There are 2 protein chains.
Amino acid sequence: MVSSLRLPSLTSLFSSPYLRRPPPLLRRPHHHHHKLSFPPPLTTAFSSQTTSASTTENPKKQTNQDQKVITPRSQDFNAWFLDIIANAELADYGPVRGTMVIRPYGYAIWEAIQDYLNVKFKETGHSNMYFPQFIPFSFIEKEASHVEGFSPELALVTIGGGKELEEKLVVRPTSETIVNHMFTQWIHSYRDLPLMVNQWANVTRWEMRTKPFVRTLEFLWQEGHTAHANPEEAENEALQMIDVYTKFAYEQAAIPVIAGRKSKAETFAGADRTYTIEAMMGDRKALQAGTSHNLGQNFSRAFGTQFMDENGERQHVWQTSWAVSTRFIGGIIMTHGDDSGLMLPPKIAPIQVVIVPIWKKEDEKTGVLNAASSVKKVLQSAGIKVKLDDTDQRTPGWKFNFWEMKGVPLRIEIGPRDVSSASVVISRRDVPGKQGKVFGISMEPSILEAYVKDKLDEIQSSLLGMATSFRDSNIVDVSSYDELKAAITLGKWARGPWSASDADEKRVKEETGATIRCFPFEQPQGTKTCLMTGSPAEEVAIFAKSY
Amino acid sequence: MVSSLRLPSLTSLFSSPYLRRPPPLLRRPHHHHHKLSFPPPLTTAFSSQTTSASTTENPKKQTNQDQKVITPRSQDFNAWFLDIIANAELADYGPVRGTMVIRPYGYAIWEAIQDYLNVKFKETGHSNMYFPQFIPFSFIEKEASHVEGFSPELALVTIGGGKELEEKLVVRPTSETIVNHMFTQWIHSYRDLPLMVNQWANVTRWEMRTKPFVRTLEFLWQEGHTAHANPEEAENEALQMIDVYTKFAYEQAAIPVIAGRKSKAETFAGADRTYTIEAMMGDRKALQAGTSHNLGQNFSRAFGTQFMDENGERQHVWQTSWAVSTRFIGGIIMTHGDDSGLMLPPKIAPIQVVIVPIWKKEDEKTGVLNAASSVKKVLQSAGIKVKLDDTDQRTPGWKFNFWEMKGVPLRIEIGPRDVSSASVVISRRDVPGKQGKVFGISMEPSILEAYVKDKLDEIQSSLLGMATSFRDSNIVDVSSYDELKAAITLGKWARGPWSASDADEKRVKEETGATIRCFPFEQPQGTKTCLMTGSPAEEVAIFAKSY
C-alpha cells in the first residue's frame, strides 16, 4: 500500500532523459599553468566538457532535474573513482598540480578516522604534539637510505621574507629526522624512555603521478614516533601499532586488510623492518593502507640519540614510526563503492541515516514533516548521525539517488500513509532494490532506535563480509612462477612460498608488474618450497599489482 | 595533625641549596646555522649555560634533588615567560630559526582549545575541510592590499622533485586567495550560499622577531571562511565569530578580553573591517588573541566569485574570515602565570587534579597508594582529568613544586593519617600557602567529587576575577594626548575618545610605541571630544603597547 507512494526505481531514474549530468568539478581544467597530472577523464562521453567548462562564467541554473550519475565501475574503474569523488563532493583539485582540496563530506570521514585512532593512540600511551614542517636540508642527508628514498620527491623552500636562504629548507615528507634532532635533546636517561608521541599533520611529497586521496602532492596523516631502551620494546611497539591499524580497518572501515611484513626491497627508507596492512580494492589492485616501521638504531645513530642505561652505559635508542593518511579514504571508496556511488560503513559514515519525507499534496506536508522531525530527534538523541533532507527543491526520487550516491547506509522514507500508521519505510544502501527495503517499522522511539541500531550493525558486518568474500575469491595460491604470472594476468593476487633473492623479486616486478605486498602474519602450516627457486622457504608472500 | 606529615613550604624549598637548576632547553643554542632570533636569555645568572650546553653530549644524571626554578615574573617578564615554556615543557625551539616544537603538555592545551571551538563552529553551521597549503604566487598578487600586507613575510617553494618550478609557490600565510579560487568553482546560485567552512592548519609567516607561541615562523590555527548573499549576513557572521572567541576567552581561558573593531590602519590586509579580542598580559602589554574579518567583496571581486541571485542577477559574494591560533596559549601563560610558574584555568588544563601520595615508612606505602588509586578512579569516572604521581624517584616536596610549576589547578595529598581518617588534603594552585589548603575532605566518592568540582569552578571564576581586576586597574581614561602619553609611560592602557586622522594615529605610535588596539564594542555614554584634536568623537579607542 505504502509502496504506491514510491518514486520510480533507481534504474529507471538513471536511464531517464531528464537526468542531465552537470560537468563534475574534478573534470575541469586547471586554471593555473602547472602541469596537470591527475589522470584525465577516460570516458569519451563526457570528455568534451573537460575543455569547455569555464570557471568564472558558469551560468547554468540548477533545476530539479539535475542529477549526477557515475560511470559504471565495471566500465572504467578510474573514471568511476573520480566520478564518486567529484559527485559525492569528497574532494576537488587544488590549483597546484597534484594537490587536493578535501571538501566537508570527505573531511568528515577523515574526522571519523581521527576520532577513533586518537583514542587508541592515547590508550596505548602516546601523546600528541607538533613538530615544525621545515627541516634543514642537511638533516635529510644524515641517514643514508633515508636521503636516497626521499630526495627525489622533496619540495624545497629557498626564499623566506624576500631573501635567499643560506640553507634550503625541506617541507617535511615525513618527520624522522627532525624528531630525532629533538629526541636527542630530550632523552638523557633510561628514565626518559619510552618516549611515545604522535602528530596529526600535513606532509609533502613531490609525486609525479597523482590521484586524489591515493597519491597527492600534499596529504594529511598522523605519524607516530617512539624511542625505546631496547630492541624488543621497539619491535613490540611496531607490532602493536600495525595491530591498531588492522583493528581499525576491520572494525571501523570494514576493510579486510592483510597485515604482514614488507620485503627488504619494499621496506621504508631508514627502517630495519616495515609492517603493513594491504587492502584489496574493487579493481583487485592492492592499496598499502598503513605502515609501522621498526627503525632500529638507524636514526639514533645518525642523530646521536643516546641514553644512559641502568648500568650507566651510553646506548643509542631503538625507535619506531607509523602512519595512516588520507589515502585511507581512497581505500574506503574503492573497497565498498558500487555503480550507484559511494557506500560507507556505518561506523565512519558522516551521515548514518537520511530521512526523506514524501508528500504529494500541500495538506500532507505538515504532518509528514512533523513526523520526520520527530523521527530525527529520536535517532539523534540515541547518538545516531542523522540528516533530514526536507528541501522543497528536489523530488524524493532525486534525493534517493543523491544520498545513495553519497553512500549513506540507511534511508528512512516517511509519507502520509506512514504518518497514519505511525510507521516508516527503511532502505539499506548495501542491499539494492526491494530486498533492502522494509515497510511498516514502528515510529515508537524504543522500537525504531533498536531497529536502526541493529540494521547499522548488520550493514557494518555485511560490508566486511562482502569485502572479505571478494578478497578471498581473488587470492590464488601459487607454487610456481608460471602460476604466479597467470594469477597476476587475471588481475588477482598470488600467494606463494618465497625465499628468492632481491634480484628475483625485481624480475617479478619487471615481468608482471606485481610486487611483494607483504609476508602475511598469518601463514599456512607445513613445509614450503620457494615458487621461484624450488629451495626451502619459511614463508609465503603475497604478490599483487598495487596503487 | 595531618599537617605534621607535610613537606617544607614552597618558599623554603625554592631557597634550598639542594635545588639545582638544569639548563632549560629553550636556552640552548640552535644546532643549525640559521640566525636565531628568539630573544636570548636576559638573566645573567644562567647566561653561561647558553653557550656551554651541548646536545649530543649531555651526561648529566637526573637526581632526586633536581628542581627547575623560574625567573621571578617581576624581575624579568620575558625570561619568566621563556622559563615557564621550557620548564613546564610546553614547547621547545625547532632547528630552523623562529620555529617551535609544541610538546605534549603544550599541545594538550591546544587540544582543549580545539575541542571547545570545534563544537561551537559546528553549532554555528560551519563544516571542517582542508585546503592545500601551496598557493600559486600569482594568487597572492590578485588582491592589492593583501599582497602589500603579506608579501614581505612569504616563504616560497621554488624547487619540487629536483626541478626549478615554473611558478613559485607560496606556503600559505593565510588562505583567503586559495579559498576564493575554490569558492568561485563551487558557488553558482544563491542556493549555494551561505557557504561556511573552517580548517585547522599550519601557516607560515616569515617573521623576523619571533617568540614562542606569540609569534613564530610556523604556527597552528583555525581559519574560518564564509561566503554570503548579502553584506548584512557577512557582517553578522563576522560579529558572531568574534563573539564565539570572546565567550571562549572569558568562559574557558578566563581571559577578560576586550572585543572591538580595529582602526583602519590595523585592519587585516584585504578586509573592510576587522574585529578583534585584545587581552592584557601580566606585563600589561596587549595581545591580539583572535580576529574576525568582514572581507566585503574584496576577494570575490579579485577572484570573480559570483552567484546568481533570486532575481537572476549576477553578484559578487560577501565574505568573512576569522582565526585563532596557538598564540592563545601564550596569552594563557602571560595572563595567569606567577612566580611559581604556569597557572591553568581548570577548563583548559590538561591535568585538573594531581594526586601526590605521601609516605615515610615502607609499611605505609601500600595503604597510601591504594587510597590514592581509588581517589583517582573516583575522580576519573566523574570526568575529571586527574594524574596520580606515584613515582618513587621524587620526594613529595619536589612533586608539589613541579605540579605547581605546571599550573595544575588542584593538588590532593594523601598520607597515612589521611588514610586512617578516610580523608584527603586539597590545595589550590591559585591561593598560595596555607590559605589555599584544606584538610580533612572526606574520601567518600560523592562528597569528594562534589568538593573537587566545586573547587574547580571556584578556581575558574577566581582566575577570571583576578585577571579582570588586574585589567581594570590598568586601564586609564584619558581626555588629552598628554594624559595618553602619561598612561602609556606608566605601562598602562589608555582609553579615550578618538576621531583623529590616520596620520595622528601613526604619530601616537611613533611617539609612544602604543597603537589603537580597538574601538571597544562597549562604549561609555555621553558626548565625546577627540583627545587629539578636540573635535567631536563618536567612540573611545584603547591605546596600548602590544606583542
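The values are calculated or read from the model by the stated rules, or taken from the named source; none is laboratory data. Keep in mind the model is a prediction, meaning the values are calculated, not measured. So basically every Cβ, Gly included, is an ideal-geometry build from the backbone, and we count neighbours across all protein chains shown. Surface accessibility is based on the protein's heavy atoms, side chains included, excluding ligands, DNA and RNA. Shrake-Rupley method; radii C 1.70, N 1.55, O 1.52, S 1.80 Å.
Do you know which residues of region A:93-110 lose at least 30 square angstrom of accessible area in the protein assembly compared with their chain on its own, with a 1.4 angstrom probe?
Output list: A:PRO95, A:VAL96, A:VAL101, A:ILE102, A:ARG103, A:PRO104, A:TYR107.
List the longest stretch of chain B that has no exposed loop site; here a site is one of the GluC sites (Glu not before Pro) assigned by DSSP to anything other than H, G, I, E or B, with at most 10 other Cβ within 10 Å.
On the way: sites that count: B:GLU57, B:GLU310, B:GLU313, B:GLU522.
After excluding every exposed loop site, the longest remaining stretch is B:58-309.
Put the label 7 Å from Cα along Cα→Cβ for A:ASN118; what are its distances to the other copies, in nanometres, shortest first?
Label-point distances to the other copies, shortest first: 0.2 nm.
Just the number, please: buried accessible area between B and A, total of both chains, 1.4 angstrom probe, nearest 100 square angstrom.
On the way: alone 24000 and 24100 Å², together 41600 Å².
Summing both chains' loss of accessible area gives about 6500 Å².
With a 1.4 Å probe and every protein chain left in place, work out the accessible area per residue of region B:77-336 in Å², rounded to a whole number.
Details: 7090 Å² over 260 residues.
Ligands and nucleic acids excluded, the figure is 27 Å² per residue.
Can you list the residues of region A:149-163 that have at least 10 square angstrom less accessible area with all protein chains present than in their chain by itself, probe 1.4 Å?
A:PRO152, A:LEU154, A:ALA155, A:LEU156, A:VAL157, A:THR158, A:ILE159, A:GLY160, A:GLY161
Can you give the Rg to Rh ratio for region A:77-336, taking only C-alpha atoms and Rh from Kirkwood?
For region A:77-336, the value is 0.98.
Could you run the Karplus curve 6.51 cos²θ - 1.76 cosθ + 1.60 with θ = phi - 60° over region B:118-135 and give me ³J(HN,Hα) per residue in whole Hz, x for Gly and Pro?
Working through the residues one at a time gives 4, 5, 5, 4, 5, 4, 8, x, 9, 10, 7, 7, 9, 9, x, 8, 8, 10 Hz.
Compute the label zone of B:PHE521 within region B:270-300: residues whose backbone N is under 15 Å from the point 7 Å along Cα-to-Cβ.
Residues B:274-279, B:289-294 qualify, since their backbone N sits under 15 Å from the label point.
Output ³J(HN,Hα) for region A:467-479: one whole-Hz value per residue in order, computed from phi by the Karplus curve 6.51 cos²θ - 1.76 cosθ + 1.60 with θ = phi - 60°, and x for Gly and Pro.
So the Karplus estimates, Gly and Pro as x, are 5, 5, 4, 4, 4, 5, 7, 10, 10, 10, 7, 10, 10 Hz.
At a temperature of 25 °C and a viscosity of 0.890 mPa s, determine how fast chain A diffuses translationally according to Stokes-Einstein, using the Kirkwood radius over alpha-carbon pairs as Rh; express D in µm²/s, rounded to the nearest whole number.
Details: Rh = 25.8 Å.
Here the translational diffusion coefficient equals 95 µm²/s.
Taking the Cα centre of chain B as origin and charging only Cβ (+1 Lys, Arg; -1 Asp, Glu), how large is the dipole, in debye to the nearest 20?
2120 debye
Name the trypsin sites (Lys or Arg not before Pro) in region B:194-278 that are in a loop by DSSP and that have at most 15 other C-beta atoms within 10 Å, would you? Don't skip to the end; give the middle numbers.
Numbers: sites: B:ARG205, B:ARG209, B:ARG215, B:LYS247, B:ARG261, B:LYS262, B:LYS264, B:ARG273; in loops: B:ARG205, B:ARG209, B:LYS262.
Answer in residue order: B:ARG209.
Could you work out the helix-only [θ] at 222 nm for chain A, with each DSSP H run of four or more residues adding -39,500 (n - 2.57) and the total divided by the number of residues, to the nearest 500 deg cm²/dmol? Mind showing how you got there, number by number?
Values: 16 runs with 182 residues, N = 547.
That comes out to -10000 deg cm²/dmol.
Output, in nm with one decimal and in ascending order, the distances from the B:ASP454 label point to the matching label points of the other copies (7 Å from Cα along Cα-to-Cβ).
4.7
With axes computed from alpha carbons, what is the tilt in degrees of helix A:176-186 against the longest principal axis of chain A, rounded to the nearest 10 within 0 to 90?
The angle comes out near 60 degrees.
Give me, ordered by chain and number, the residues 5 or more places off B:ASP477 or on other chains with an amide H under 5 Å from its own placed amide H.
Amide H neighbours of B:ASP477, under 5 Å, 5+ apart: B:ARG495.
Add +1 for every Lys or Arg and -1 for every Asp or Glu among the other residues with Cβ under 14 Å from the Cβ of B:ILE140, and state the total. List each step's numbers first, then the result.
On the way: positive: B:LYS142, B:LYS168, B:ARG172, B:ARG205; negative: B:GLU141, B:GLU143, B:GLU148, B:GLU153, B:GLU167, B:GLU176.
My count for the surroundings of B:ILE140 gives -2.
Counting only DSSP beta bridges with both residues in region A:77-336, tell me the antiparallel percent, nearest 5. Walk me through the intermediate numbers first.
Numbers: 49 of 52 bridges.
Bridges in region A:77-336 are about 95 percent antiparallel.
By its C-alpha gyration tensor, with a ≥ b ≥ c as the square roots of the eigenvalues, how is region B:154-258 shaped: rounded for a/c under 1.5, else prolate for a/b larger than b/c, else oblate? All intermediate terms of the calculation are to be shown ahead of the outcome.
Values: a/c = 3.21, a/b = 1.17, b/c = 2.75.
Taking the square roots of the gyration eigenvalues as a ≥ b ≥ c, region B:154-258 is oblate.
If I take the Cα coordinates of the protein assembly as shown and project them onto the principal axes, what are the three extents in Å, biggest first?
Answer, in whole Å and largest first: 81, 80, 64 Å.
Could you sort the residues of region B:186-201 by number and keep only those whose accessible area is reduced by 30 Å² or more in the all-protein-chain setting relative to the chain alone, 1.4 Å probe?
Residues passing the criterion (a loss of at least 30 Å², heavy atoms only) are B:TRP186, B:HIS188, B:ARG191.
With the full set of protein chains in place, find how many percent of the accessible area of the protein assembly as shown is carbon and sulfur; take the probe as 1.4 Å. Present the calculation step by step, with values, prior to reporting the outcome.
On the way: 20960 of 41600 Å².
Carbon plus sulfur share of accessible area: 50 percent.
If I fit a long axis through the Cα atoms of helix B:327-336 and take the longest principal axis of the Cα atoms of chain B, what angle between them do I get, 0 to 90°, rounded to 10?
50 degrees
B:ASN198's amide H: which non-local residues (gap 5+, or another chain) put their own amide H closer than 5 Å, with H modeled 1.01 Å from N in plane and none for Pro or chain starts?
Answer set, sorted by chain and number: B:SER127, B:ASN128, B:MET129, B:HIS225.
Please report, for B:GLU167, the nm distances (one decimal) from its label point, 7 Å out from Cα along the beta-carbon direction, to the equivalent points in the remaining copies, shortest first.
Spelled out, the distances from B:GLU167's label point are 3.2 nm.
Positive end of the dipole of region B:484-547, charges at C-beta (+1 Lys, Arg; -1 Asp, Glu), about the Cα centre: which of B:MET532, B:ILE516, B:TYR547 has its Cα farthest in that direction?
B:TYR547
Before I look further, what does region B:353-459 give for accessible area per residue, probe 1.4 Å, in whole square angstrom?
Values: 4680 Å² over 107 residues.
Result: 44 Å² of accessible area for each residue.
List every residue whose amide H lies under 5 Å from the amide H of B:VAL324, counting only residues 5 or more places away in sequence or on a different chain, with H placed 1.01 Å from N in the peptide plane.
Excluding prolines and chain starts, which carry no amide H, the hits are B:GLN222.
Given Cβ point charges of +1 (Lys, Arg) and -1 (Asp, Glu) and nothing else, what value in debye, to the nearest 20, does the dipole of the protein assembly as shown about its Cα centre take? Mind dumping the intermediate values first?
Numbers: 124 positive and 126 negative charges, 19 e Å.
Charge dipole of the protein assembly as shown: 100 debye, to the nearest 20.
Whole-Hz Karplus ³J(HN,Hα) for region B:234-239, in order, using 6.51 cos²θ - 1.76 cosθ + 1.60 and θ = phi - 60°, x for Gly and Pro?
Going residue by residue, I get 5, 5, 4, 5, 4, 6 Hz, with x marking Gly and Pro.
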